[in-house]
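The values are calculated or read from the model by the stated rules, or taken from the named source; none is laboratory data. Since the model is a prediction, treat every value here as computed from it, not as a measurement. Neighbour counts run over all protein chains shown; Cβ positions are idealised from the backbone, glycine included. Heads up: the accessible areas ignore ligands, DNA and RNA and are worked out on the full protein's heavy atoms, side chains in. Shrake-Rupley method; radii C 1.70, N 1.55, O 1.52, S 1.80 Å.
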Amino acid sequence: MSNLTHLTIADALSGMDKGEFTARELTEAHVKAVEDTRALNAYIVETPEIALAQADASDKRRASGTAGVMEGIPIAMKDLFCTEGTQTTAASHILEGFVPTYESTVSGNLWNAGAVMLGKSNLDQFAMGSANITSYFGNVINPWQREGSDAQLTPGGSSGGSAATVAARAAMAATGTDTGGSIRQPAAFSGIVGLKPTYGRCSRWGVIAFASSLDQAGPMTRSVRDAAIMLEAMAGYDAKDSTSVNLPVPRYQDALTGDIRGLKVGIPKEYRIDGTPIEIEKAWEQGIEWLRAAGAEPVEISLPHTKYALPTYYIIAPAECSSNLARYDGVRYGQRVEGKSLDDMYENTRAAGFGDEVKRRILIGTYVLSAGYYDAYYNKARQVRTLIANDFKKAYESVDVILTPTAPSPAFGIGEKMDDPIAMYLNDVFTVPASLAGLPGISIPSGLSSEGTPLGLQLLGRAFDEETLLRVAGVMEQAAGFSALPQLIAGGK
Amino acid sequence: MSVDKNTVAKIAKLARIRVDEAQQEALSGELNQILGWVEQLSELDTTGVEPMTSVVEMTQPLREDVVNDGHYVDRVTKNAPDSAHGFYAVPKVVE
């Protein structure tokens, strides 16, 4: 049964339906796989007891004919989702020991659909980072290594633990959240599929907030079909999130028809950026050819404000972060460091509880929102955000999806790009524009770099048209036939 | 435009994060670098452009103004570093 950890969700569901193995057996295999891959530091907390209890309950439901869409599937839950009775930290010191007394809507939806929790996966602190090097609980290690080198690579971020454990065959899937690329970029770095749905598709209730106008939860899986299955379980209207959209949740799998004939695929010329490695350009060209060969029509498009997306993001996201993180004051939850006065206590608590990158973003956000700078920075950024969203609106008048690279490089080494915050921010150059426009995007592994590490291609869709996005992604996945395995993998290669 | 040490101290105070003098210098360099970089937005003419408030075009949903939740003080205060008699406890603020 050692191959249970290599199955897709779709195959595991079918195997359990046929009685080939139970949720208990599937979960036991994954609990062991999580233990085997501890060197990756992908989890802040492992929850094997919860997993096994959920698996037993799942087997009973299956036997009684009430199986959900994720029945018996062991997954990792990003430690940004509040889980009732299980510590939730956002990878921060300030929330160390915080045990929510309520369940986030998305995690609750997954448990209701039958999913099983292996543990809370590690991330960049408060989801702020692109390399999973800002967690209070240590760096996450990418299971992939460069050919002929055992240097540790980053899994990307912020959903780095989720990406690493799925790639290492320790979890069948994981939840991620994406504010500026935090699902798609780690998916690309780790050779898996990562889907950021349209803003409003999944409830944000109970997800620790970073930048509320951008944050969106989504699935991280090893196949496009699995992403479709998991999104169906996660998505849906929630009266507790006023930005959640009341639209029916389709059976996303049904969109995977394999037929993309006649679809128009936009190729944005502004995404050809000087200094992008040639192999990234080549992977992109290859993706265009795959879609053309399947009967789609590539069309060059222009998204003229692309170059302003990152600076816009690095005003809006810190502004919202400074506001959201004001709640960590040592009073209601988390750590407290005493002081002579109330203000003293606040300042001591927040100085000790937040990491450097979080502090940097809170300070930037406080500055751009402060009297005298609000118009020059924050309102200006919101105006440019409108222009960026309009670019996409115009493009979607003539194309159905857009194809781009996911990230400007393959996974880099831990320790690289650490001295310069802006060099780190540039990781998200291809993912941030769609985040600002609230649009859905998916990263699919397309092949290996010259270093033997994964490369990802990104497809972007129209708002609430995850179905077309998944349909095209399915065709691209088929064409890419990505089957390489990382070096550090549960049970060995 | 430049964020000096005094400005760092001021915004750190506004953000209620203790930043000691030695850190102020380093932070002022980092913040200037980031602010200098985002400054490129000023080259765009945005006259008459509506600032975005929501990426999804929707009207704010309203709900009935009724009590629909509550009555579990112990759960609300369970994670408080200090609480007493169903309240959060903080350092003395009134002499």
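Per-residue counts of other Cβ atoms within 10 Å, averaged by peptide: what ranking do you get for A:114-127, B:63-76, highest first?
Per-residue Cβ counts within 10 Å, averaged per peptide and sorted highest first, yield A:114-127, B:63-76.
Note down the nm distance, to one decimal, between modelled labels 7 Å out along Cα→Cβ at A:Glu297 and at A:Ile422.
About 4.2 nm separates the two model spin labels.
On average, how much accessible surface per residue is there in chain A, in Å², for a 1.4 Å probe, leaving out ligands, DNA and RNA?
It amounts to 32 Å² per residue over chain A.
Of the trypsin sites (Lys or Arg not before Pro) in segment A:1-44, which ones lie in a loop per DSSP and count no more than 12 other C-beta atoms within 10 Å?
A:Lys18
So how do A:74-85, A:463-474 stack up, highest first, on mean other-Cβ count within 10 Å?
So the peptides A:74-85, A:463-474, ranked by packing, come out A:74-85, A:463-474.
Would you list which lysines come within 16 Å of A:Lys60, measuring only between C-alpha atoms, while excluding same-chain residues fewer than 8 positions from it?
Excluding near neighbours in sequence, the set is A:Lys18.
Taking 40 Å² as the minimum loss, tell me which residues in segment B:46-80 lose that much accessible area going from the chain by itself to the full protein complex (1.4 Å probe).
B:Thr46, B:Val49, B:Pro51, B:Met52, B:Val55, B:Val56, B:Met58, B:Arg75, B:Asn79
Computing the accessible area with a 1.4 Å probe over protein heavy atoms, can you report the carbon and sulfur percentage for segment A:191-327?
The nonpolar share, carbon plus sulfur, comes to 49 percent.
Chains A and B: buried accessible surface, both sides, probe 1.4 Å, rounded to 100 Å²?
Summing both sides, the interface buries roughly 5200 Å².
Binning every alpha carbon pair distance of chain B at 10 Å from zero, what are the percents per bin?
For chain B, the binned pair fractions read 11, 18, 19, 27, 22, 2 percent.
Between the chain alone and the structure with every protein chain in place, find the residues of segment A:308-351 that drop at least 50 Å² of accessible area; heavy atoms, 1.4 Å probe.
Relative to the lone chain, where solvent access is computed with a 1.4 Å probe, segment A:308-351 loses at least 50 Å² at A:Tyr308, A:Pro311, A:Val331, A:Arg332, A:Arg336, A:Leu342, A:Glu347.
Rounded to the nearest percent, how much of the accessible area of segment A:407-493 (1.4 Å probe, protein heavy atoms only) is carbon and sulfur?
Carbon plus sulfur share of accessible area: 50 percent.
If you find the alpha carbon centre of segment A:129-167 and of segment B:28-89, how far apart are they in angstrom?
Comparing the Cα centres of segment A:129-167 and segment B:28-89, I get a distance of 29 Å.
Report, ordered by chain and residue number, the lysines lying within cross-link reach of B:Lys5, taken as a straight Cα distance under 24 Å and ignoring same-chain residues fewer than 8 apart.
The reachable lysines, counting only those whose Cα sits under 24 Å from B:Lys5, are A:Lys359, B:Lys13.
Could you sort A:Arg61, A:Arg360 by their accessible area in this structure, using a 1.4 Å probe and putting the largest first?
Reading off the accessible areas and sorting them downward yields A:Arg61, A:Arg360.
Looking at segment A:371-394, which residues lose a minimum of 30 Å² of accessible area between their chain alone and all protein chains in place, measuring with a 1.4 Å probe and not counting ligands or nucleic acids?
Residues losing area: A:Tyr377, A:Lys380, A:Arg382, A:Gln383, A:Arg385, A:Thr386, A:Leu387.
Could I have the simple spin-label model distance between B:Glu43 and B:Leu62, label points 7 Å from Cα toward Cβ, reported in nm to one decimal?
Once both label points are built, they end up 4.7 nm from each other.
With every atom except the alpha carbons ignored, what do you get for Rg and Dmax of the protein assembly as shown, in angstroms?
23.1, 77
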